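First up is the structure itself, then whatever we jot down about it.
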Amino acid sequence: MSAIQFPAPDASILSRRAEIVAALARLVAPESLVTSEDELRAFETDALTAYRRMPLAVVLPSTTEEVAAVLRACHAMGVNVVPRGAGTSLCGGAIPQEDAVVLGLGKMNRVLDVGFADRTMRVQAGITNLSISAAVGAEGFFYAPDPSSQLACTIGGNIAMNSGGAHCLKYGVTTNNILGVRMVLVDGTIVDIGGDAMDAPGYDLLGLVVGSEGQLGVVTEATVRILPLAEGARPVLFGFDTSEQAGAAVAAIIGAGIVPVAMEFMDKPAIEICEAFAKAGYPLDVEALLIIEVEGSDAEMDAALARIVAIAREHGVRTVRESKSAMETAAIWKGRKSAFGATGRVADYICMDGTIPTGQLPLVLRRMDEIVKSYGLRVANVFHAGDGNLHPLIMYDVNDPEEARKAEDAGNDILKLCVEVGGCLTGEHGVGIEKRDLMRHQFTQADLDQQMRVRAVFDHGWRLNPAKVFPLDGRWTPASEAA
Amino acid sequence: MDAGERGGVSAALLPRDEAELVAAVAAAAAAGTPLALEGGGTKAGIGRPAQAERSLSTRELTGITLYEPSEMVIGARSGTPVALVEATLAERGQMLPFEPMDYRPLLGSEAEPTMGGVVGANLSGPRRVVAGACRDSLIGVRMVNGRGEAVTSGGRVMKNVTGLDLVKGVCGSWGTLAAFSEVTFKVLPTPETSATLVLHGLDDARAIKALSAGLGSPFEVSAAAHLPGTVERVPKTLLRLEGFADSVAYRAGRLRALLAPYGSSALLEAAQSAVLWRSIRDVTFLAEPRGEAIWRVSVAPSRAAAGVAAILDAAPARHLYDWGGGLVWLALPAAGDAGAAVVRAAFAGTGAHATLVRAPAEIRAVVDVFEPPAAPVRRLTAGIKASFDPRGIFNPGRMYAGI
Ligand SMILES: Cc1cc2nc3c(=O)[nH]c(=O)nc-3n(C[C@H](O)[C@H](O)[C@H](O)COP(=O)(O)OP(=O)(O)OC[C@H]3O[C@@H](n4cnc5c(N)ncnc54)[C@H](O)[C@@H]3O)c2cc1C
């Protein structure tokens, strides 16, 4: 694919590469500086693998002070910086540029402090999402947002993308579960935003930082909320003959005052792909599957499920299957959480991430099918049914440039549809480069200008992750204001 | 027609739709007229005294614009009374998750609180501990910035990471960044019933330990407060449970057993429980005498009791804790600096921050009402103010001098 443009690299920076690398070498240990072509290759893309750019150099600092020193030096030399966690971004958020230094947080992966009484925990930004929960699991706590990539992705990346997960229907997304960050600004200034109290003073700078996609600063530490684990959790599979029935059942469950921890939807192609991979016992004779999870004591779960099953029956559910063991529960979630990887085994795919008002579901599913068929492609649908966050996986052949272009076009049509029906371009994966040029479908120029003015407060000269989020043309700068 | 000219030259500007709001702000921006932005004006007494020439109220921008119970979302124009939104939700068995407090009992105001005011102050109540603050439920804002431009952020879907999250940026900005025209929230079903477990006679430190034990248990405590000896004859430590009746009964039993080391407990039924939490939400315990200054301290619960003890040593204070100890309300004599030095010294180095929510204007003019930020945060704060409101026309100086 080649539809998405990158800015032309700055030739004067490229010609000063040796000088820039030498300056960085004075700031960090030799093993923390990556400059050989072979090793740089590992950083040329993220999970949007159709696009690649080799960075100028990669620095892997070990402390906040090192991060500050590197940013200060890059600032002084006029070099762009792309922050990076684990590189699992699906929107190209961590893809570098030829004239940029990648600042990878992977070495900063420690737990700094746990306060069980306050239900908070301080961690370094490069720790993986799953390690946070693992560190407090024995004490009966966990960190709630659970992106399917949680084994690999970092809390710094989660903060940058405001990541969600299957269980955020009840527990919220990243922004609802972070209390504070230590962050380094583009000029090397270290700043603490928020803290470990529930409300922070002054403007909600933390709320601006979460979801800012590495454009406002480099997060080096985070204070997260940890929550007590429920007594038990039980997912149940509900198979329906039509997507409409499944959608109506979701609306009725919420209408009855029940908010399960998770309500995940899969269509037939997704069921087949995930079942072949995870052997989770998903019913293969249905058109739509809901995985609904409830929590609590056995009696509480029985009672909640009885209510949910009754509603599902009113909506013509064909099969109901409860998990009967921890192993079955694990298999059911493995199937869902591996949906992207399992699809990757049968075809190349691009994963979309629009959100729609859930009432529009039947219409959007129908229109999506038409769109993808009109390009002669196939789609598998998994999505977070409770909150309308869709993940159509459009399958194509990466070696066929024509098909790749069609997949991208179909994806763009789907996202425009999401905006048209009252939703948005991205529910949890972020804008990155992937949706950058669609931003004007969702926002007016005044909306974007206001966002860019706020961005400029943190990064005057567009040095941090500059090729992302905002369309490359018509960017607001203090200079454009004066003109 | 010009929203401003009804009712005399210096009367409040009362736009009735977004276009009038845009026109009113644009005119003020062009003339450089500082505006006191407000909804119902019930919280006008919070902040540094305004340095505005004219007030602009959104209280006539009313009406629910969107309500989809099955999508758990409600939108309203910013001047819509909170009471109307809550009643509309209640008809369909739903509620605002964050239980917004009503400042009227504390501030002695009788006007009608609006949804825009809830957002401007980022109000929340006891359920904050599990459901988040106003900012956590707010999913969309239409607003007018200080240049007179209509700006939208977020929307009507609950998962949305498209672009910078300005929704959070303006929530809790006390009318200093933008005038809201419409606000949209995610909502939750109202629990079928509730009950409150009451422990008696605990000192502050032990009470907060009990609250932490409850909040750290799997039994889904939805509110946790302590009323100490300064406001109740016998101190009361309170933990609320909400949900379906069978589940509440079960969890009440388990929670009682868990908290047995803190003494025997009583259980309040739903009706009594509701009345009690409403008073805690609105801090009616400290409303009288009117002459006292009121402070609100946000702190990690484990550091709350020591800070309060230091204050009680230095001044005649009354207090209570909400949010499991993470929110401390204090009443102090409104003399001198209204206790600013004592309160801030007591919590110095704890990561806490204190806001003076009630005091005579003369005191609010000279003490820091909002906790003064560290230098780099102050720079960012000033930058964000300028990015929304370059001429400084919205509530100038209300939060910080010069901002
Ligand atoms: C198989 C698979 C499943 C996925 N499932 C989900 C899912 O269920 N839910 C979901 O929300 N996402 C999901 N994702 C997307 C992705 O995992 C998330 O966006 C994740 O948060 C990225 O984290 P990362 O550490 O890999 O960040 P990266 O990809 O390295 O970077 C992502 C962005 O964050 C910035 N960044 C990284 N670290 C920092 C820092 N310390 N300071 C400032 N900026 C920083 C980067 O510049 C970039 O813009 C999935 C991805 C894959 C491949």
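The values are calculated or read from the model by the stated rules, or taken from the named source; none is laboratory data. Bear in mind the structure is a predicted one, so any value in this text is a computation, not a measurement. All Cβ positions, even for glycine, are placed from backbone atoms using ideal geometry, and neighbour counts span all protein chains on display. Only protein heavy atoms, including side chains, enter the accessible area calculation; ligands, DNA and RNA are left aside. Shrake-Rupley method; radii C 1.70, N 1.55, O 1.52, S 1.80 Å.
Averaged over the residues of A:247-258, the number of partner chain Cβ atoms lying within 10 Å of the residue Cβ comes to 3. Using all pairs of distinct alpha-carbon atoms, the Kirkwood hydrodynamic radius of the protein assembly as shown works out to 28.0 angstrom. Computed from label points 7 Å out along Cα-Cβ, the spacing between B:Arg16 and B:Val366 is 4.6 nm. Residues with beta-carbon under 14 Å from that of A:Ala456, excluding A:Ala456: net charge, scoring Lys, Arg +1 and Asp, Glu -1? Result for the neighbourhood of A:Ala456: +2. Bridge orientation summary for the range A:42-147: considering DSSP beta bridges with both residues in this region, about 35 percent are antiparallel.
Helical content of chain B, expressed as a calculated mean residue ellipticity at 222 nm, amounts to -8500 deg cm²/dmol (DSSP H runs of 4 or more residues, -39,500 (n - 2.57) each, divided by residue number, nearest 500). To the nearest ten degrees, helix A:64-77 and the longest principal axis of the Cα atoms of chain A are 60 degrees apart. Would you mind checking the tilt of helix B:270-282 against the longest principal axis of the Cα atoms of chain B, expressed as 0 to 90 degrees and rounded to 10? Rounded to the nearest ten degrees, it is 50.
Shown here is the pair-distance distribution of the range B:82-155: with all Cα-Cα distances grouped in 10 Å bins from zero up to the longest one, the shares run 17, 44, 31, 8, 0 percent.
Take the Cα of A:Arg475, go 7 Å toward its beta carbon, and the backbone nitrogen atoms of the range A:208-237 under 19 Å from that spot belong to A:212-218.
Over the range B:284-364, the pair-distance histogram of Cα-Cα distances with 5 Å bins from zero comes to 3, 17, 31, 26, 16, 6, 1 percent, rounded to whole numbers. Counting Cβ atoms of other protein chains within 10 Å of each Cβ in A:391-402 and taking the mean gives 0. For B:Ala348 and A:Lys373, the FRET efficiency from 1/(1 + (r/R0)^6), where r spans their Cβ atoms and R0 equals 51 Å, is about 0.20. Just to confirm the number: angle between the C-alpha axis of helix A:326-337 and the first principal axis of chain A, 0 to 90 degrees, nearest 10? Value to nearest ten degrees: 60. With N the number of residues in the range B:242-391, Rg(Cα) / (2.2 N^0.38 Å) evaluates to 1.31.
Of the beta bridges DSSP finds with both residues in chain B, what % are antiparallel, to the nearest 5?
Given both bridge residues lie in chain B, the antiparallel proportion sits at roughly 90 percent.
The figure for A:His75 is an accessible area of roughly 90 square angstrom, using a 1.4 Å probe on the protein chains alone. Between A:Met77 and A:Met327, residue separation times 0.36 nm minus the direct Cα-Cα distance comes to 84.5 nm.
Ratio of Rg to Rh for the range B:352-403: 0.99 [Cα atoms; Kirkwood radius as inverse mean 1/r over pairs]. With Cβ to Cβ distances under 14 Å as the rule, what net charge do the other residues near A:Ile226 carry (K, R +1; D, E -1)? That works out to -2.
Taking the Cβ-Cβ separation of A:Lys107 and B:Ala401 as r and a Förster radius of 35 Å, what is the calculated FRET efficiency to the nearest 0.05? Walk me through the intermediate numbers first.
Details: r = 42 Å, r/R0 = 1.21.
Using R0 = 35 Å, I get an efficiency of 0.25.
Taking Cα pairs under 8 Å and at least six residues apart, what relative contact order does the range A:11-104 come out at, in percent? Intermediate values should be presented prior to the final figure.
Numbers: 152 pairs, mean separation 33.3, N = 94.
Computed value for the range A:11-104: 35 percent relative contact order.
All distinct Cα pairs of the range B:309-348 go into the 1/r average, and the inverse of that average, the Kirkwood radius, is 10.6 Å. Spherically averaged projected area of the convex hull of Cα atoms, chain A: 23.0 nm². Averaged over peptide B:372-382, the number of partner chain Cβ atoms lying within 10 Å of each residue's Cβ comes to 5. Quick one: grab the alpha carbon gyration tensor of the range A:267-376, order the square roots of its eigenvalues as a ≥ b ≥ c, and give me rounded if a/c is under 1.5, else prolate or oblate depending on whether a/b is larger than b/c. Since a/c reaches 1.5 but b/c is at least a/b, the shape of the range A:267-376 is classed as oblate.
Within a Cβ distance under 13 Å of B:Thr65, other residues only, what is the Lys/Arg minus Asp/Glu net charge? Don't skip to the answer; put the middle values down first.
Working: positive: B:Arg77, B:Arg142, B:Arg156; negative: B:Asp17, B:Glu18, B:Glu68, B:Glu182.
My count for the surroundings of B:Thr65 gives -1.
Projected label points at A:Leu363 and B:Asp313, each 7 Å from Cα along the beta carbon direction, are separated by 6.5 nanometres.
The smallest convex shape that holds all Cα atoms of the range A:92-233, its convex hull, gives 117 Å³ per residue.
Between A:Asp38 and A:Thr444, the distance separating the two model label sites (each 7 Å from Cα on the Cα→Cβ line) works out to 5.7 nm.
May I ask you to derive the relative contact order of chain A, considering only C-alpha pairs under 8 Å and at least 6 residues apart, and to give it as an integer percent?
Details: 1005 pairs, mean separation 69.9, N = 483.
Contact order relative to length: 14 percent.
Of the listed residues A:Val261, A:Val419, B:Val275, A:Val111, the order by accessible area with a 1.4 Å probe, largest first, is B:Val275, A:Val111, A:Val419, A:Val261. From helices alone, chain A scores -10500 deg cm²/dmol at 222 nm; the rule is -39500 (n - 2.57) for each run of n ≥ 4 DSSP H residues, then divide by the residue total.
Annotation for the range A:293-350: trypsin sites (Lys or Arg not before Pro) lying in DSSP loop with at most 10 further Cβ atoms inside 10 Å of their Cβ are A:Lys324. Placing R0 at 45 angstrom, the Cβ-Cβ distance between A:Glu420 and A:Thr63 gives a FRET efficiency of 0.40 after rounding to 0.05.
Per-residue counts of other Cβ atoms within 10 Å, averaged by peptide: what ranking do you get for A:244-256, B:53-65, highest first? Don't skip to the answer; put the middle values down first.
On the way: A:244-256: 21.5, B:53-65: 19.6.
Going by the mean number of other Cβ atoms within 10 Å, highest first, we get A:244-256, B:53-65.
Rolling a 1.4 Å probe over the protein chains gives B:Glu38 an accessible area of about 60 Å². Rounded to the nearest 5, what is the percent of antiparallel bridges among the DSSP beta bridges in chain A? Taking every DSSP beta bridge with both residues in chain A, the antiparallel ones total about 85 percent.
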